[in-house]
Amino acid sequence: MSSTGLIVDRGLEGVVVGSTLLSNVEGKIGRLTYRGYDIDDLAPNATFEEIVHLLLFGQLPTSDELDHLKREISTRRMLPEPLIDGMRRSPKTAWPMDVLRTVASGLALFSPVNRVGEHVSDAHTAIELIAKMPTILAAWDRIRRDLDPIEPRNDLSQAANFLYMRTGKMPAEIEAKALDTYLVLLADHSYNASTFSARVTASTRADIYAAVTAALATLEGDLHGGAASAAFNTLLSVGSPDRAEIYVRDALGRGERIMGMGHREYRVRDPRARHLEAKAKELSAYRGDSRWYEIARALEEASNKVLKETKPDKSIYANVDFYTAPLLADLGMPGDEFTCMFACGRIAGWSAHILEQLGDNRLIRPQATYEGPPPGPFVPIGSRPTTAH
Ligand code: COA
């Protein structure tokens, strides 16, 4: 409640600000659906490209539609040379999310559409952004390791091509499938912070490049997509499964949060965590090294136990970022790129939300209560008191 008696919803918790046909988060029962399809069915059975079609065009594709979409995506993966050059000239220490946000924004400069007075927010441009996002990440991954970027292939899926562009080697099927499942699971999540940010930006009739750039900026923080990278740092700090409980007790004792645990919507374990955990387990068995998976398992168990003791009235369980950490680590990715990988999946949802917003637009412009001083006379600069030094 504000001093003026108005109800203030900090964090917009429980406030409904719009509607969507795209995805539904049922936090109490732990269900996530994309246009009515349960992710429990989509994760094992659909590819990321099928999800892109579902979100952008309203239904799962026929074989012909899927072939067409795959061609559209795979022929748009190349980046404009000046953007690659810009990455080459950037400090190798630059944080991957800063690079991804900057270069993704730069794609607008090379948009084939004349931007003067034109809106380029259409499915075609959405596909362009979906296609290029992993190329930016893979290129930066190599450039910062003093390696030349590898050109995308147009005969591979988004997931397989990304892994190929990092190493120049064809990934094993199990690796490509694990990443594909990850992208499927990350594709959309209703009005989460970054998607809302994209919709706010689109609602001003800014174009899709601007709205996606806003979403990328919002994703970065560790209360949102940044938690994936932070969760990996936690695995590193824990070091071995037997240290998990002591780590959790120490961290909570210092008032810290366990990254990858807790969610604004879910009161039970995030439904995506089960699929990601299964993929992380499969991958670790394939690699013959289950270190990250075992630490994550122990950490989840310890967090559940200690949080139940210390915050018995809260429902804090593993979220999507928790098992992202062992999964992406076992795909050979460095922890500071995990948030960028999140963006490579969520770009599908962001684009669909931006187009949905523009399809029935109303400027999003909330209010705030004013808590400052009451109106008073203006004091000219010569009459203001001098600052004591
Ligand atoms: N570890 C420890 N305590 C946690 C926690 C976590 N991961 N997540 C929430 N809590 C606690 C808070 O400290 C708070 O306790 P208090 O009431 O005793 O102060 C309580 O649970 C409610 O937290 P609050 O921040 O109000 O809930 P929220 O709805 O805003 O939280 C998150 C949602 C995601 C921001 C929160 O769970 C979090 O910070 N998680 C860690 C970061 C993360 O994984 N983010 C990715 C989300 S997909």
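Values quoted throughout were computed directly from the atomic coordinates according to the rules given, and no laboratory measurement underlies them. These numbers were taken from a predicted model, which means no experiment stands behind them. Neighbour counts are summed over all protein chains in view; Cβ atoms, including those assigned to glycine, are modelled from backbone coordinates with ideal geometry.
Note on Glu49, Glu282, Glu175: ascending count of other Cβ atoms within 10 Å places them as Glu282, Glu175, Glu49, the fewest first.
Within the chain, the proportion of C-alpha pairs whose separation exceeds 31 Å stands at 40%. Under 27 Å of direct C-alpha separation, and excluding same-chain neighbours fewer than eight residues apart, Lys281 reaches these lysines: Lys28, Lys169, Lys177, Lys305, Lys308. At 24 Å minimum axial length over the Cα atoms and a Kyte-Doolittle cut of 0.0, report the qualifying DSSP H helices in the chain, or say none. Length and hydropathy pass: 123-143, 338-359. Does segment 136-239 come out rounded, prolate or oblate by the C-alpha gyration tensor, with a ≥ b ≥ c the root eigenvalues, rounded set by a/c under 1.5 and, if not, prolate when a/b is larger than b/c and oblate if not? Prolate, because a/c is 1.5 or more and a/b exceeds b/c. By definition, a body whose alpha carbon gyration tensor gives a ≥ b ≥ c is oblate when a/c is 1.5 or more and a/b is not larger than b/c, and segment 227-329 fits this oblate description. When a/c reaches 1.5 or more, the comparison of a/b and b/c decides; with that in mind, is segment 315-383 rounded, prolate or oblate per its Cα gyration tensor? Judged from the Cα gyration tensor, segment 315-383 comes out prolate (a/c at least 1.5, a/b above b/c).
Using the average count of surrounding beta-carbon atoms within 10 Å as a protection proxy, the listed peptides 371-383, 194-206 rank, highest first, as 194-206, 371-383. Legend: ranking of residues Thr135, Thr324, Thr62, Thr310 from fewest to most surrounding C-beta atoms inside 10 Å; resulting order Thr62, Thr310, Thr135, Thr324. For the chain, the dipole from Cβ point charges (+1 on Lys and Arg, -1 on Asp and Glu) about the Cα centre works out to 900 debye, to the nearest 20. Computed from the C-beta positions of Glu301 and Leu12 and an R0 of 35 Å, the FRET efficiency is 0.60 to the nearest 0.05. The stretch between Gln367 and Glu151, if pulled fully straight at 0.36 nm per residue, gains 73.0 nm over its current Cα-Cα span.
Placing +1 on the Cβ of every Lys and Arg and -1 on the Cβ of every Asp and Glu, with no other charges, gives segment 227-329 a dipole of roughly 200 debye about its Cα centre.
Taking the charge dipole of segment 227-329 about its Cα centre, with +1 at Lys and Arg Cβ atoms and -1 at Asp and Glu Cβ atoms, the residue from Leu276, Ile316, Ser290 reaching farthest to the positive side is Ile316.
Ranking of Val17, Val103 by neighbouring Cβ atoms within 10 Å, starting from the fewest: Val17, Val103. Under the criterion of Cα pairs below 8 Å and six or more residues apart, the relative contact order for the chain equals 23 percent.
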